[in-house]
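The values are calculated or read from the model by the stated rules, or taken from the named source; none is laboratory data. As the structure is a prediction and not an experimental result, all values here were calculated from the model. Reconstructed Cβ throughout: ideal geometry from the backbone, glycine too, with neighbour counts over all protein chains shown. The area values use the complete protein model at the heavy-atom level, side chains included, leaving out ligands, DNA and RNA. Shrake-Rupley method; radii C 1.70, N 1.55, O 1.52, S 1.80 Å.
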Amino acid sequence: QVQLVESGGGLVQAGGSLRLSCAFSRGISSVNVMGWYRQAPGKQREMVSIITSGDSTNYANSVKGRFTISRDNAKNTVYLQMNSLKSEDTAVYYCYAIFRGSAYWGQGTQVTVSS
């Protein structure tokens, strides 16, 4: 069974940091794309950052320079380091993977940034 399990969300003050983790139930070295999306209340789900099997990365303009995505193939885990958090970063963050032509989502982890 293919699963994505996120962890690391929580409550943090503005300007603080959090690191999200996404553990994949299969080897991520063969995963084409993994990444993070988020959905704030009343808004559509949006891409935050993605990383490819070749380690190319892409970021939403709103998080560039503050967030960093990385992957550890040995641990089958993708990370999202979030620094200088703002209240507008408050959302449920979802891990995402494209594996063997199919898309998979994690259950989501809440990130709340207090101002």
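Overview of results
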item	result
Residues of the range 9-18 that turn out to be outside any loop (DSSP other than H, G, I, E, B) and within 8 Å of V111 (Cβ to Cβ), as a count	3
Y79 surrounded by 20 or more Cβ atoms within 10 Å (Cβ to Cβ) and among the hydroxyl-bearing types (S, T, Y)	no
Set S21, S70: member being closer than 14 Å to T109 by Cβ, among the polar types (S, T, N, Q) and in a strand (DSSP E or B)	S21
Criterion: out of contact with any Lys or Arg (no Cβ under 6 Å at 6 or more places or on another chain), open to solvent by 50 Å² or more (accessible area, probe 1.4 Å), among the charged types (D, E, K, R) and over 17 Å from I98 (Cα atoms) - qualifying residue of R19, R26	R19
Unmet requirement for N73, which otherwise passes all of (1) under 10 Å from the mean Cα position of the chain (by Cα); (2) under 18 Å from L4 (Cβ atoms); (3) open to solvent by 60 Å² or more (accessible area, probe 1.4 Å)	(1)
Single unsatisfied condition, D55 versus (1) farther than 17 Å from Q81 by Cβ; (2) assigned to a loop (DSSP other than H, G, I, E, B)	(1)
Residue within the range 35-55 that is in contact with a Phe, Trp or Tyr (Cβ under 7 Å, 6 or more places away or on another chain), open to solvent by 60 Å² or more (accessible area, probe 1.4 Å) and more than 27 Å from S115 (Cβ to Cβ) present	no
Residue among G65, G35 that is at pLDDT 95 or above and within 17 Å of Q3 (Cβ to Cβ)	G35
Checklist (1) open to solvent by 10 Å² or more (accessible area, probe 1.4 Å); (2) outside any strand (DSSP E or B) applied to L85, failing item	(1)
Residue count for the range 75-91, restricted to those that are more than 16 Å from T109 (Cα to Cα) and touching a helix residue (DSSP H, G or I) at 6+ places or on another chain (Cβ under 9 Å)	2
